[in-house]
1. For the subset of segment 67-93 comprising residues that are within 28 Å of A195 (Cβ to Cβ) and not charged (D, E, K, R), which member is least open to solvent (accessible area, probe 1.4 Å)?
2. Kindly list the number of the only condition in (1) at pLDDT below 95; (2) more than 21 Å from K186 (Cα to Cα) that fails for A1.
3. Out of all the residues in segment 19-33, is one or more at pLDDT below 95, open to solvent by 60 Å² or more (accessible area, probe 1.4 Å) and over 20 Å from the mean Cα position of the chain (by Cα)?
4. Out of all the residues in segment 179-195, is one or more touching a Pro at 6+ places or on another chain (Cβ under 7 Å), within 28 Å of H257 (Cβ to Cβ), surrounded by fewer than 18 Cβ atoms within 10 Å (Cβ to Cβ) and at pLDDT 95 or above?
5. Can you tell me which condition R64 does not meet? The list is (1) of a type in the set (K, R); (2) buried (at least 18 other Cβ atoms within 10 Å of the Cβ); (3) more than 20 Å from the chain's Cα centre (by Cα), and all the others hold.
6. Counting just the residues of segment 1-18 that are open to solvent by 30 Å² or more (accessible area, probe 1.4 Å) and not in a loop (DSSP other than H, G, I, E, B), which one comes out nearest to W181 (Cα to Cα)?
7. Which pairs do you get when a residue that is farther than 21 Å from A179 by Cβ, found in segment 240-265, comes within reach of a residue that is open to solvent by 80 Å² or more (accessible area, probe 1.4 Å) and assigned to a helix (DSSP H, G or I), reach meaning Cβ atoms under 6 angstrom, with the pair 6+ apart or on two chains?
Amino acid sequence: AHPRIEVEPTCRVTDAMGIEGYNRYPGALATDERAGLDIENRAGHGSRIPRLDPGAEANDLAERLELPTFAVEKIHPEFVDFDAAALLDKIERYEREHDAQISLIYRLRDPAESIKSMLAYKRRDPRWYDWLKPDAVPAFFERSYRTLADLAELRPGVVSLYEQHRLDAPKELARLYAALWPKAPKKDLVTIARAAEGEVDRARGQRASTNPFFRSAPAAPKDSTSKASSKQAAPDVSADELLARHAETLRVLSGLHDRLTDSST
């Protein structure tokens, strides 16, 4: 919701990088609101996403400070087949060919909580990542975190922790803004961050009762030995049971998480 951070309406950036076949914006968060913003989510497929406006004070501040505009793109490691060197090559080639500046922000969450969150959402919507079986989720996150850690060594960036955002969203947003606009007064960035988070809270509250992304997950079956349908994508064991089975993977993930946190610029 920052007045100088925009969602590029087309796939021109990802297309130029050769990243195809993935949603640029989470499909579960798309909207049918008439006032939404229409974007090309992936080649040949459009989505309407919420249009966020942080308000007159934030907009006026950004105008007065003459902040340059950034376009935001979300790239998950699986978009490049978990190949950090390949992604770095795409980034650097795009910068050269388009005279662009790309700033990387690595968004992290505690590994165990990330796994639990994914399993919970897969239970709410079995279509989401339906190709990824629950027992394979820890290994999927290990590959993802390893890719990010390798990329951060090659191309350092700002690491943003989900937990810090939940604890104090305006403070964390202002820290990220300072990395993008280092000459801007901190107090002004905090003002914009508070307005931005307020707008996100407003939009989230409007959609909480109708969007399964924001709902609580149904409980996992108590009998983890019960047979599931061959077509069932939802987990049939609790997250704690699954994490216990993958304790070594979780240990590796924790080390990768720490390595990434230590790399932050």
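1. Keep residues of segment 67-93 that are within 28 Å of A195 (Cβ to Cβ), which gives 67-75.
Subsequent filtering for residues that are not charged (D, E, K, R) retains 67-72, 75.
Details: L67: 16, P68: 77, T69: 75, F70: 34, A71: 62, V72: 76, I75: 57 Å².
Of everything passing the filter in segment 67-93, L67 is least open to solvent (accessible area, probe 1.4 Å).
2. (2)
3. Yes, that holds for at least one residue.
4. Yes, that holds for at least one residue.
5. Condition (2) is where R64 drops out.
6. This residue is I5.
7. Final answer for the pair search is L256/R146.
Conditions (1) under 22 Å from Y162 (Cβ atoms); (2) assigned to a loop (DSSP other than H, G, I, E, B); (3) among the aromatic types (F, W, Y); (4) in contact with an Asp or Glu (Cβ under 6 Å, 6 or more places away or on another chain), marked per residue:
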position	(1), (2), (3), (4)
E97	no, no, no, no
A100	no, yes, no, no
Y106	yes, no, yes, no
M118	yes, no, no, no
Y121	yes, no, yes, no
D135	no, no, no, no
A139	yes, no, no, no
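The values are calculated or read from the model by the stated rules, or taken from the named source; none is laboratory data. Because the structure is a prediction, the values reported are computed rather than measured. When we count neighbours, we look across all protein chains shown, and the Cβ atoms used for this are built from the backbone with ideal geometry, even at glycine. Areas reflect the complete protein model, heavy atoms only, side chains present, ligands, DNA and RNA absent. Shrake-Rupley method; radii C 1.70, N 1.55, O 1.52, S 1.80 Å.
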